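FYI, it's all coordinate maths here, none of it is from the lab. The model shown is predicted, which means the values in this text are computed figures rather than measured ones. Counting neighbours? That spans all protein chains shown, and the Cβs are built from the backbone with ideal geometry, glycine included.
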Ligand SMILES: [Zn+2]
């Protein structure tokens, strides 16, 4: 049975009107099924809110005489604390759509952004803007390693010099001082993919000094996913900070069925003291930029030059097509039957479409099938993630759960 969820958005407290006898509560949520988030069994309860905070939780009906400015009948509904989305990708959306209606409609009241290595450049300025503009949610951000690296090194495919590393550390420290909760990495993306484990450890140590965590879109979500988890755990161990694995999944067909092993690895690390958590989609589709389909070495010239080369240099274009096709075949998508780009009669035409669409001014995204969260749930260390980018998760997560 599908649970209907009512989330109390406590930040929007009603104003008590001036009356001779002020009601005891601003909001009384009556007769709901309370799931309090503290691992206690669900139960029927009334919840009263005053000044934006929960003032009382009581047996159904027992608060009805106390009076409230607004009474909400939650019979047949679930009353729960607002959900936290640890992977929202809503950095700029938060400014554009401060009502955050998709999140609020799903019961999300706190989002964490700056995911997968990409954040705003200036955390302090961004938080200041949100503060003055207002936003319907609680908002937190990570500092993106990719953002920091490209500010210092552009798309250089090499280790940083000592000086460059020092500058990156300084930017990370500045973001942490401004209130970032940790650092995210996107190790399939340019430039994150060019970073060694040592570079990530060095920067994570700065994050650790500020009490932050390391959140990672890992280097590989297919045949090397276990090694990728081990890398994240190593970073956590060496830099002494908690690790969060973003959108855990097995992306490519040859590795499908590997979730059991993936979860066992994480659970044994936890037993051995690692502070590691993760999040996951509740859909098999995911979304990202098209350029991740190309060999990352070829992307080091920068997206703009890469795209110019794709259109202007035929042998380069052919080489990229070949690489793309063989990569897709290796990942079990050789027949391209999953592709939704177009109903192309042959694979080459689809690849052409991909190559042509991969322009810097393109907002195209790619959906890939993946193994769906089968073995990790329910586990205390995993959370469902919602995301505000072009994905069904941005509106459908709660109802799908
Ligand atoms: Zn990601």
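Odds and ends about this structure:
- Spin-label proximity, residue 70 to the stretch 90-119 - amide N less than 18 Å from point 7 Å beyond Cα toward beta carbon: 99-110
- Ranked for footprinting exposure by Cβ neighbours inside 10 Å, fewest first, 246, 394 give 394, 246.
- Ordering of 106-114, 260-268 by burial proxy (mean other Cβ atoms within 10 Å per residue, highest first): 106-114, 260-268
- Counting other Cβ atoms within 10 Å as a rough exposure proxy, the listed residues 163, 122 run 163, 122 from fewest neighbours to most.
- What the Kirkwood sum gives for the stretch 133-223 is a hydrodynamic radius of 13.5 Å, with every pair of different alpha carbons counted.
- Spatial separation of Cα centroids for the stretch 195-243 and the stretch 266-317, in angstrom: 16 Å
- Considering all C-alpha pairs of the stretch 80-164, those separated by over 22 Å amount to 33%.
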